Amino acid sequence: MTHDQNTPAAERFAAYYADRPPWDIGRPQPAFMAAADRIRGRVIDLGCGTGDLAIWLAERGRTVTGVDFLAAPVAQARAKAAARGVAVNFLEMNALAVGSIPERFDAAVDCGLFHTFDDAGRSAYVAAVARLLEPGGRLFILCMADAEPGTHGPRRISAAEIHAAFGAGWVVESLAPAAFEVVPGIPGAEFSPGGARAWFVTVRRTA
């Protein structure tokens, strides 16, 4: 989630969280669970929502910071972490401002944030993440793929766009088809059976 609190996008996301967002499935997306052994050290969860992925990683020994731009999901995330006795540093802030965080990280995870950006926002996001990651640090992204039919929901992203977004200072280590599971039965959030067609991407910061 990326926008300021008073924008139409912020109002739209706030409306989702007033009920149950389609992407809030109550557990990490399977693609991240499968990649857990590669997500190491100090981790930042960009667009953490209600915190399921951040908490899950912290339970497995990672030092985790979660960032979201809306107060409501951050409050839910803090409550979840407290109930489970897990230490996660949850911050309410715009994802494009994360480069101002003084800490540096070994890995970043992005479950459904990258595909919310327009072209200018995408460039600003990549620059912000570059400031966050140590050299050799990795960014793991799950985003909607252009193989998903229709135009409703998030922006579809091609493999070529991903390679173009991560140019100098990055290397795309892997880009594989995946599924983005959603809560069933939410009007306007009907996607391919088994989950929206997605990319699971690993990019490494080289400098």
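The values are calculated or read from the model by the stated rules, or taken from the named source; none is laboratory data. Keep in mind that what you see is a predicted model, and the values were worked out from it rather than measured. Please note: Cβ atoms are built from the backbone with ideal geometry, for glycine as well, and neighbour counts cover all protein chains shown.
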Some residue of region 130-144 being at positive phi and in contact with a strand residue (DSSP E or B) (Cβ under 9 Å, 6 or more places away or on another chain): yes
Residue in region 45-71 that is nearest to ASP24 (Cα to Cα), counting only those that are part of a helix (DSSP H, G or I) and at pLDDT 95 or above: ASP52
Test for VAL201: is it of a type in the set (A, V, I, L, M), assigned to a strand (DSSP E or B), out of contact with any Pro (no Cβ under 9 Å at 6 or more places or on another chain) and free of Cβ contacts under 8 Å to residues at least 40 places away in the same chain: no
Unique match (being at pLDDT below 95 and either within 13 Å of PRO22 (Cα to Cα) or in a helix (DSSP H, G or I) (or both)) among GLU161, GLU190: GLU190
Test: residue in region 96-115 that is aromatic (Phe, Trp, Tyr) and modelled with pLDDT under 95: no
Selection count, region 110-133, where residues are in a helix (DSSP H, G or I), of a type outside the set (Gly, Ala, Ser) and under 15 Å from the mean Cα position of the chain (by Cα): 8
Residue among ALA83, ALA87, ALA79, ALA107 that alone is over 30 Å from THR151 (Cβ atoms), part of a strand (DSSP E or B) and among the small types (Gly, Ala, Ser): ALA107
Failed item, numbered, when ARG156 is tested on (1) out of contact with any Phe, Trp or Tyr (no Cβ under 9 Å at 6 or more places or on another chain); (2) in contact (Cβ under 8 Å) with a residue 40 or more places away in the chain; (3) closer than 27 Å to GLY41 by Cα: (3)
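A quick yes/no check of all residues on (1) over 29 Å from ALA164 (Cα atoms); (2) in contact with a Leu (Cβ under 8 Å, 6 or more places away or on another chain):
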position	(1), (2)
ASP37	no, no
GLY85	yes, no
ALA124	no, yes
ALA127	no, no
GLY136	no, no
Count of region 57-74 residues which are of a type outside the set (D, E, K, R), closer than 20 Å to LEU139 by Cβ and buried (at least 20 other Cβ atoms within 10 Å of the Cβ): 7
Among the candidates LEU113, LEU139, residue that is within 22 Å of MET33 (Cα to Cα) and touching a Lys or Arg at 6+ places or on another chain (Cβ under 9 Å): LEU139
Residue in region 182-195 that is surrounded by fewer than 14 Cβ atoms within 10 Å (Cβ to Cβ) and closer than 25 Å to SER123 by Cα present: no
Selected residue (criterion: nearest to the chain's Cα centre (by Cα)) from residues of region 79-102 that are farther than 29 Å from PHE117 by Cβ and loosely packed, with under 14 Cβ neighbours inside 10 Å: ALA87
Residue list for region 176-187, filter: assigned to a loop (DSSP other than H, G, I, E, B) and within 30 Å of PHE105 (Cβ to Cβ): GLU181, VAL182, VAL183
Any pair with Cβ under 6 angstrom, 6 or more apart, that starts in region 28-52 at a residue that is closer than 18 Å to GLN76 by Cα and ends at one that is among the polar types (S, T, N, Q) and surrounded by 20 or more Cβ atoms within 10 Å (Cβ to Cβ): ILE44/THR65
